[in-house]
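What follows draws every value from the coordinates through simple rules; no lab data is involved. Just so we're clear, the structure is a prediction, and the values are computed from it rather than from any experiment. Every residue, glycine among them, receives a Cβ derived from its backbone with ideal geometry; neighbour counts consider all protein chains shown.
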Amino acid sequence: MTTAERLATPLVRRLALLLLLLALGGVLVLLTDRQPTPPGPVPQDEAGEPDYYLEQAELVRYDAEGLAHQRLNSPRLVHTPHDDVLRAETPRAELLDNAGRRWTVRGERGTLADQRLTLSGDARLNAPDAGWRLDTQELHLNTRTGHAWSDVPARFEAPPQHVEAERFEAWLEDERLHLEGRVHGHHPPARQ
Amino acid sequence: QQSEPIEVEADRLELDDRAGTAVYSGAVEIRQGNLQLTGARVEIQRNDAGEVSRLTATGERAYLEQTPVDGERIQGWGRTIVYHAAERRVELIDRAELHRGADTFNGAYVEYLIDRRLVEARADAEGTERQRVRMTLTPEQQ
């Protein structure tokens, strides 16, 4: 019997088929292992049932010239239809004003509704170009006008000085900041 | 004294990065060690390192007080008081008045060097009408 005849016998063909199946099964196992981790639980929110949610989300807004001038990142964004609010976990936003200055804001939680971003829980407004930052527990930002404010105690820092107050307002485009209510400033003096 | 931080209490602070100004307003009280300055409005000038180089207090009359550990108490009034932090120099401008212990100095302009306790009074100051210099010096008790 020649080698070709031996290979053609039913037994060998069955063995070859079995080996093929095993190999296929192995590949399938490999493939399923590389599936992305299953999405988190469908969020229940006191604002009601969300219609969609995004994970590792980045929202980018473009200005009239098509330049990306506002960016919001969050590991989890949830949208609730009845109030049209986006709720974000640990949001971080970056804004460029008309003069190209960079501003960043962040918080533990955030909501975005009608171009108004509200950050709560260790919220911070950072003005790296101007060299100052502001910490508070609740920060509001109108992303269209660049008006930021807080109605709860805030701490302004422009090292080496810092100032605490009960409320604050900032107009990012005009580079103006206003602190009000039991304002306490701490300023090192110039030395000779 | 000179390196002690300047602490400010006020109702409001307005910062304008573009104009480079920082203005406290509303019952402003400033302390640096034993020096105290009060006014309705105080503008702060900072050097490149962000340290306060000058404070300009204005009010009906701004007020300055210093209670040195070993020396006479200093009190000063003026429509404008300018405190130069690095030089420890004070300028009282317009209806200026300074009391150093029992001595008094009045005029349109009074300058006081804190650490050297030197006083200079003038009848003229920019932006004010002429105001005669008056001094009351109390002889030392024998």
Please compute the alpha carbon radius of gyration of the protein assembly as shown, then divide it by the globular-protein estimate 2.2 N^0.38 Å. Two decimals is fine.
1.71
With a ≥ b ≥ c taken as the square roots of the eigenvalues of the C-alpha gyration tensor of segment B:42-142, please select rounded if a/c is under 1.5 and otherwise prolate if a/b is larger than b/c or oblate if it is not?
oblate
How large is ³J(HN,Hα) for each residue in segment A:86-93, as worked out from phi by the Karplus curve 6.51 cos²θ - 1.76 cosθ + 1.60 (θ = phi - 60°), to whole Hz, x for Gly and Pro?
9, 10, 10, 8, 5, x, 10, 10
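Quick check on packing: order A:51-64, A:133-146 by the mean number of other C-beta atoms within 10 Å, highest mean leading. Don't skip to the answer; put the middle values down first.
Values: A:51-64: 12.4, A:133-146: 18.4.
Highest to lowest by the protection proxy: A:133-146, A:51-64.
Counting only GluC sites (Glu not before Pro) that are in a DSSP loop and have at most 15 other C-beta atoms within 10 Å, tell me the longest site-free stretch of chain B.
B:1-71
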Could you work out, residue by residue across A:163-174, how many beta carbons of other chains sit within 10 Å of that residue's beta carbon, and then give the average as an integer?
2
Within 10 Å of each Cβ in peptide A:149-162, how many partner chain Cβ atoms are there on average? Round it to a whole number, please.
2
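Could you work out [θ]222 nm for the protein assembly as shown from helices alone, using -39500 (n - 2.57) per DSSP H run of at least four and dividing by all its residues? Round to the nearest 500 deg cm²/dmol.
-3000 deg cm²/dmol
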Rounded to a whole number, the mean other protein chain Cβ count within 10 angstrom for residues of A:128-137 is 1
Most fluctuating of A:106, A:76, A:14 in the GNM of chain A (C-alpha, under 10 Å) is A:14
Once both axes come from the Cα atoms, what is the angle between helix A:10-33 and the longest principal axis of chain A, in degrees from 0 to 90, rounded to 10?
0
Phi to ³J(HN,Hα) by Karplus 6.51 cos²θ - 1.76 cosθ + 1.60 over segment A:131-137, Hz, x for Gly, Pro:
x, 9, 8, 9, 10, 7, 9
Mean 1/r over all different Cα pairs, inverted: what Kirkwood radius does chain A give, in Å?
20.8
Fluctuation leader among B:49, B:40, B:57 - chain B, Gaussian network, Cα springs under 10 angstrom
B:49
